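Only one structure is covered here, and it is reproduced in the block below.
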Amino acid sequence: MSKNLVIVESPAKAKTIEKFLGKDFTVRSSFGHIRDLPKKGLSIDKENDFTPTYEVSADKKKVVKELKTLAKGAEVWLASDEDREGEAIAWHLTQALGLDPAKTKRIVFHEITKTAIEHAIQNPRHLDIHLVDAQQARRILDRLVGYELSPVLWKKVRAGLSAGRVQSVAVRLIVEREREIKDFTQSSNYKVTAVFTTGVDEFKAELDSRFDTPEAAETFLRSCIGAEFTVTAVSQKPGTRNPGAPFTTSVLQQEAARRLGYGVKQTMTLAQRLYESGYITYMRTDSTILSGLAIDAAKTYITKEYGAKYSKVRQYKTKNSSAQEAHEAIRPTDFSKPVRGQDEQQKRLYQLIWQRALASQMAPAEVEKTEITLSIAQPGQSPLKEAFDAKGEVLTFDGFLKVYGGQKDDTLLPSVAIGDKVSQQSIAATETFARSPARYSEAALVKKLEELGIGRPSTYAPTISTIQTRGYVEKRDLEGEERKVRIISLEGSSVTSKTETVITGADRSKLVPTHLADVVTDFLVKYFGSVIDYDFTARVEADFDEIAEGKQDWNKMIKEFYQDFHPLVAGADKASRKEASQARLIGNDPKSGRPIYARFGRYGPMLQVGEVEDETKPTFAPMPAGASIETVTLEQALEMFKLPRTVGTTNDGQEIKANIGRFGPYVQVGKLFVSIKPHDPLTITEAEARELIAAKQEKDLNKYIAEFASGVKIVNGPYGPYITDGKKNARIDKSVDPKTITETQAKDLLDKAPAKRSFRRRRTKKA
C-alpha cells in the first residue's frame with residue numbers, strides 16, 4: 001500500500017498529477033462533492049444556529065469506501081481546487097473519512113505542472129475553515145430560499161417551479177430588458193455621408209449633424225449643388241492602444257463568445273479540460289495578476305520571437321479587492337507553446353488564452369490619427385453651419401496587436417492642407433433608426449451580473465444554464481423585421497430619392513424570457529422584492545467574502561437574513577392564485593354569461609371560462625397563435641372554445657379531431673397524435689389532415705428496424721440508427737448496415753457500450 005494518498009476532484013486531474021509524483025504516491029478522485037444536504041427535506045436546524053445535516057451521496061458511497069481503505073495507514077493530502085468550493089470538498093472528505101482537519105495536509109496549486117505539484121507537496125497547509133464557512137453559508141442560504149420560496153410558487157403559479165437567490169435575479173434582468181425593448185419608442189433621423197476626391201485619392205466623410213425629416217435632408221443636399229468644399233482644419237496626432245489584462249473567468253467567457261462563438265457553459269467545460277491536462281492555470285478566478293515566473297516566461301518568449309521592442313512588463317491590479325477565488329489570472333502554463341489541446345475546440349480556446357496573456361506583457365500599439373474638416377459654401381458666400389468630418393487612423397507599430405489582433409481596418413486619408421479644395425463625388429442622406437436596448441447574450445449577462453456584484457466565477461455558467469433548463473429563458477436566433485429605409489442622394493447636380501427594404505433587429509443566440517419568467521418575476525418582485533433586489537444580492541455576496549476572510553460569523557449572517565426573509569413567505573401566502581397567474585378579464589361568454597379570463601396556466605398562457613369557486617367547474621382553451629394574455633380579444637377567445645374541432649374521418653371511418661396542446665396544434669385519431677404545424681386547427685381541411693396522418697403512420701412503421709424477443713431493439717433515431725434495451729443505448733457504426741445485425745451482435749454491442757455517467761456536479765454553483 002502507498003505511503004501517501006492524494007485526493008483530487010476529477011479523474012482527469014488525477015491522471016495528470018500521477019505522472020509527476022513517484023511510486024510513493026497514490027492519486028485518487030473524489031468525483032466532485034462526496035457529501036451534501038439531502039435532496040429531500042430542509043436538513044437545516046433553524047433552532048440550533050442553522051446547523052446543517054449532511055449525508056454521503058448515494059452515488060459516492062462506493063468512492064468513500066475505497067478512499068477509506070486507501071487512507072488507512074497512509075499520509076492523506078487533500079488536493080481539491082483552491083476556491084471555496086474546493087475547500088469545502090476537502091473539509092467534507094475529512095468528515096467522511098474520519099480525518100482530523102487540523103492535522104490533515106491540504107495542498108493547492110494554480111496549475112497542474114510538475115513544478116507546481118512538487119512545490120505544493122513541499123509547502124502543505126491545513127484547511128482554511130473560513131473558506132469552508134463561506135461555502136456553507138452560500139449553500140445553506142440558497143437551500144433556505146429554495147426550500148421556502150419554491151413551494152409558494154407551486155401553490156400560487158405552477159407546480160414544479162423553482163426560485164433561487166441568484167437565478168431569479170438573472171431572470172429579472174432578462175425580463176426587465178425585454179420590457180425596455182417593448183416600451184422603446186422608435187425614432188429615426190437622416191445621417192449624411194459623402195465621398196470626396198482630391199483628384200488623385202478618394203476618401204469618405206460624415207456630416208457633423210443629422211436631420212430629423214426627409215425634407216430637411218433634401219434641402220441640405222440641394223444646398224450642396226455647385227458648392228465648394230474647402231479644407232478648414234487638418235489634425236494629426238500620435239496615439240496608442242494598450243492591451244487588456246489577462247483573463248478572469250467572466251472576461252474569458254465574454255471574449256470566447258465574441259471571438260469564437262462559444263457559449264458560457266461550453267467555454268467553462270473546455271477550460272476545465274485544458275486545466276486538468278496541465279495546459280492552463282485554474283479557470284475560476286477574479287484575479288488579473290500574473291506570477292513573477294509567468295511574467296519572466298512571457299518576457300523571454302516575446303523577446304526571442306518578436307524582439308525586445310515588443311516587450312513591456314506589466315502587473316495588473318485586481319478590481320475586486322476581496323476576490324474569493326484563485327489568486328492568479330487564467331494563463332498558459334508554458335508560454336513557449338502557442339497551440340495545445342485535445343481537439344480543435346480546446347485548441348482554439350487555449351490559443352485565445354495564450355494570446356491574451358502574452359499580449360498583456362507586450363508593448364502598446366502605436367497609431368497616427370488624422371482628422372480633416374471640410375466647410376461647405378456656395379461660391380462667394382459664407383460657409384453653411386454644417387461641416388463634413390473625415391477621420392482616419394494608421395497603425396505605425398503593431399505592438400501587442402501582433403498576437404492579439406482584431407482591430408478595425410485602418411483608414412488612410414490623403415495628404416491635404418488648409419485651404420485646399422476637394423471635389424464632391426456623391427452625397428447621400430440615409431434614414432437611420434434609433435436602436436432599442438439590446439437583448440442579453442450569455443456573455444453579456446455574465447458581464448452585467450459581474451458589474452452588479454452578483455455571483456462569482458463559479459456561479460455564472462451554472463446560473464445561466466439553470467434558467468434555461470427550467471423554462472424561464474430561451475436562447476434564440478432572432479429573425480428581425482423588414483423595414484423601409486429612405487435614401488436621398490446627390491450625384492453631380494441631381495437629387496434623387498429611393499426606398500430600400502432592409503432587415504433590422506436580426507440577432508443570434510440572444511436570451512429571451514418566456515411568459516413564465518414574466519409571471520414569476522412579477523410575483524417575486526411584489527412579494528419578495530428585497531430578496532431579488534440587485535443591491536441586496538450583491539450585499540449577500542460581500543457578506544460571503546467577509547466570512548471567507550474571517551470578518552463575519554456565518555451563523556449570525558444566516559440568522560439575520562432569515563429573520564427578514566421568513567415573514568415574506570407568510571405574506572405571500574395571502575396572494576390569490578388569480579393574481580399570481582396574471583388573470584385578465586376579457587369579457588363574458590354570450591351563451592352562459594360566465595366570465596372569460598386570459599391567464600397563465602400549467603403549460604403557459606391559456607383561456608378560462610368561469611370561476612374556480614363556481615358550482616360549475618371552469619372550462620379551458622388554448623391561447624390563439626400570436627396572442628398573449630395582454631392582447632387576446634374576446635372574439636379570438638370564443639373561437640378557441642370551439643376546439644376540439646371535428647375535421648372529418650379517415651378512410652376507415654375513424655373521427656379526426658383538431659386541437660391545440662402543450663406542444664402546439666395537432667390532429668388526433670384514436671390514440672394517435674399528429675403535429676400539424678404550421679396549420680391552424682380551426683381551418684385545417686380533412687384532406688390536409690389525412691395527408692399528415694398518413695405521413696406520421698409511415699414514419700412510425702419505419703421507426704423499428706428490428707425487434708428481438710429479448711426486448712432489444714434496433715431503432716431509427718433522429719441522429720441515425722442505434723440499439724437499445726430501454727435502459728442503455730449503443731451506437732451503430734456508419735459502415736454497418738443495421739438490418740444485418742443479429743440479436744447476439746446487438747447484445748454484444750450493448751455490453752460494450754459505455755455506461756451513463758452518474759457523478760454529482762458541484763451543487764452550490766447552481767445558485
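The values are calculated or read from the model by the stated rules, or taken from the named source; none is laboratory data. Keep in mind the model is a prediction, meaning the values are calculated, not measured. A quick note on method: Cβ atoms are made from the backbone with ideal geometry, for glycine too, and the neighbour counts reach across all protein chains shown.
Is it the case that Lys60 is surrounded by fewer than 20 Cβ atoms within 10 Å (Cβ to Cβ), modelled with pLDDT of 90 or more and among the charged types (D, E, K, R)?
no
Having 2 or more residues that are touching a residue at least 40 places away in the same chain (Cβ under 8 Å) is the bar; report the strands (runs of 3 or more DSSP E) wholly within segment 552-669 that clear it.
584-588, 595-601, 604-609, 645-649
Could you pull out the residue among Leu682, Leu692 that is in a helix (DSSP H, G or I), surrounded by 14 or more Cβ atoms within 10 Å (Cβ to Cβ), touching a residue at least 24 places away in the same chain (Cβ under 8 Å) and not assigned by TED's automatic domain parsing to the domain that holds Tyr719?
Matching residue, one of Leu682, Leu692: Leu692.
Residues in segment 515-525: is at least one in contact (Cβ under 8 Å) with a residue 60 or more places away in the chain, at negative phi, part of a loop (DSSP other than H, G, I, E, B) and of a type in the set (D, E, K, R)?
no
Consider Leu127 carefully, then state whether it is surrounded by fewer than 23 Cβ atoms within 10 Å (Cβ to Cβ), in contact with a Pro (Cβ under 7 Å, 6 or more places away or on another chain), in a loop (DSSP other than H, G, I, E, B) and hydrophobic (A, V, I, L, M, F, W, C).
yes
To keep it simple, each residue is scored yes or no on (1) over 30 Å from Ala687 (Cβ atoms); (2) among the aromatic types (Phe, Trp, Tyr); (3) out of contact with any Leu (no Cβ under 6 Å at 6 or more places or on another chain); (4) surrounded by 16 or more Cβ atoms within 10 Å (Cβ to Cβ).
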{"site": "Asp589", "(1), (2), (3), (4)": "yes, no, yes, yes"}
{"site": "Val609", "(1), (2), (3), (4)": "yes, no, yes, yes"}
{"site": "Met623", "(1), (2), (3), (4)": "no, no, yes, yes"}
{"site": "Ala627", "(1), (2), (3), (4)": "no, no, yes, yes"}
{"site": "Thr646", "(1), (2), (3), (4)": "no, no, yes, no"}
{"site": "Thr650", "(1), (2), (3), (4)": "no, no, yes, yes"}
{"site": "Gly653", "(1), (2), (3), (4)": "no, no, yes, no"}
{"site": "Ala658", "(1), (2), (3), (4)": "no, no, yes, yes"}
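Tell me, please, whether a residue that is touching a residue at least 60 places away in the same chain (Cβ under 8 Å), of a type in the set (Gly, Ala, Ser) and buried (at least 21 other Cβ atoms within 10 Å of the Cβ) can be found in segment 282-293.
No: zero hits.
Residues checked against (1) part of a helix (DSSP H, G or I); (2) over 17 Å from the mean Cα position of the chain (by Cα):
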position: Thr269; (1), (2): yes, no
position: Tyr301; (1), (2): yes, yes
position: Glu305; (1), (2): yes, yes
position: Glu328; (1), (2): no, yes
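I'm told Ala257 meets every condition in (1) at pLDDT below 95; (2) in a helix (DSSP H, G or I); (3) closer than 30 Å to Ser29 by Cα except one. Can you identify the failing condition by its number?
With respect to (1) at pLDDT below 95; (2) in a helix (DSSP H, G or I); (3) closer than 30 Å to Ser29 by Cα, Ala257 is out only on (3).
Just need a number here: residues in segment 72-107 that are touching a Gly at 6+ places or on another chain (Cβ under 8 Å) and closer than 18 Å to Phe25 by Cα.
So the count comes out to 1.
Could you tell me whether segment 24-33 includes any residue that is under 19 Å from Ala134 (Cα atoms), touching a strand residue (DSSP E or B) at 6+ places or on another chain (Cβ under 6 Å), of a type outside the set (A, V, I, L, M, F, W, C) and part of a strand (DSSP E or B)?
No, every residue in segment 24-33 fails to be under 19 Å from Ala134 (Cα atoms), touching a strand residue (DSSP E or B) at 6+ places or on another chain (Cβ under 6 Å), of a type outside the set (A, V, I, L, M, F, W, C) and part of a strand (DSSP E or B).
Count, please, the residues in segment 287-315 that happen to be touching a His at 6+ places or on another chain (Cβ under 9 Å) and not hydroxyl-bearing (Ser, Thr, Tyr).
Of the residues in segment 287-315, 1 are touching a His at 6+ places or on another chain (Cβ under 9 Å) and not hydroxyl-bearing (Ser, Thr, Tyr).
So Lys703 fits all but one of (1) crowded, with 16+ Cβ neighbours inside 10 Å; (2) among the basic types (Lys, Arg); (3) free of Cβ contacts under 8 Å to residues at least 24 places away in the same chain; what number is the exception?
Lys703 satisfies all of (1) crowded, with 16+ Cβ neighbours inside 10 Å; (2) among the basic types (Lys, Arg); (3) free of Cβ contacts under 8 Å to residues at least 24 places away in the same chain except (1).
Would you point out which residue out of Tyr275, Tyr316 is in contact (Cβ under 8 Å) with a residue 40 or more places away in the chain and assigned to a helix (DSSP H, G or I)?
Every option except Tyr275 fails the conditions.
Can you tell me which residue within segment 507-533, out of those that are within 16 Å of Pro151 (Cα to Cα) and over 23 Å from the mean Cα position of the chain (by Cα), is surrounded by the most Cβ atoms within 10 Å (Cβ to Cβ)?
The extreme case among them is Phe523.
How many of the residues in segment 615-667 are of a type in the set (S, T, N, Q) and over 24 Å from Arg690 (Cβ atoms)?
Of the residues in that region, 6 qualify.
Under 6 Å by Cβ, and 6 or more places apart or on different chains, what pairs join a residue from segment 728-749 that is in contact (Cβ under 8 Å) with a residue 12 or more places away in the chain with one that is assigned to a helix (DSSP H, G or I) and surrounded by 12 or more Cβ atoms within 10 Å (Cβ to Cβ)?
Pairs found: Lys728/Leu750; Ala730/Leu749; Ala730/Leu750; Ile732/Pro738.
Taking Phe536 as meeting all but one of (1) more than 30 Å from Val169 (Cα to Cα); (2) surrounded by fewer than 20 Cβ atoms within 10 Å (Cβ to Cβ), write down the number of the exception.
(1)
Here are Gly164, Gly199: which of them is closer than 22 Å to Ile467 by Cβ and not in a helix (DSSP H, G or I)?
Matching residue, one of Gly164, Gly199: Gly164.
Looking only at segment 182-196, how many residues end up being under 29 Å from the mean Cα position of the chain (by Cα) and either crowded, with 21+ Cβ neighbours inside 10 Å or part of a strand (DSSP E or B) (or both)?
Selection size over segment 182-196: 0.
For residues in segment 49-78 being touching a residue at least 60 places away in the same chain (Cβ under 8 Å) and acidic (Asp, Glu), which is farthest from Thr104 (Cα to Cα)?
Taking the candidates together, the pick is Asp49.
Go through segment 355-368 and give me each residue that's in contact with a Ser or Thr (Cβ under 8 Å, 6 or more places away or on another chain) and either part of a strand (DSSP E or B) or crowded, with 17+ Cβ neighbours inside 10 Å (or both).
Result: Gln361, Met362, Ala363, Ala365, Glu366, Val367, Glu368.
Taking the options Leu131, Leu153, Leu207, name whichever one is in contact (Cβ under 8 Å) with a residue 24 or more places away in the chain, out of contact with any Ser or Thr (no Cβ under 8 Å at 6 or more places or on another chain) and on the phi < 0 side of the Ramachandran plot.
Leu131
Would you pick out the residues in segment 20-57 that are farther than 30 Å from Ser150 by Cβ and either exposed (fewer than 12 other Cβ atoms within 10 Å of the Cβ) or among the small types (Gly, Ala, Ser) (or both)?
Within segment 20-57, Gly22, Lys23, Asp24, Ser29 qualify.
Let's see how each residue does on (1) outside the structural domain of Ala12 (by TED's automatic domain parsing); (2) buried (at least 20 other Cβ atoms within 10 Å of the Cβ):
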{"residue": "Ala79", "(1), (2)": "no, yes"}
{"residue": "Glu82", "(1), (2)": "no, yes"}
{"residue": "Ala137", "(1), (2)": "yes, yes"}
{"residue": "Arg165", "(1), (2)": "yes, yes"}
{"residue": "Ser168", "(1), (2)": "yes, yes"}
{"residue": "Glu180", "(1), (2)": "yes, no"}
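For segment 92-115, enumerate the residues that are in contact (Cβ under 8 Å) with a residue 12 or more places away in the chain, in a helix (DSSP H, G or I) and under 20 Å from Tyr275 (Cα atoms).
Lys114
Please find, among Phe211, Phe203, the residue that is surrounded by 16 or more Cβ atoms within 10 Å (Cβ to Cβ) and touching a helix residue (DSSP H, G or I) at 6+ places or on another chain (Cβ under 6 Å).
Unique residue meeting the criteria: Phe211.
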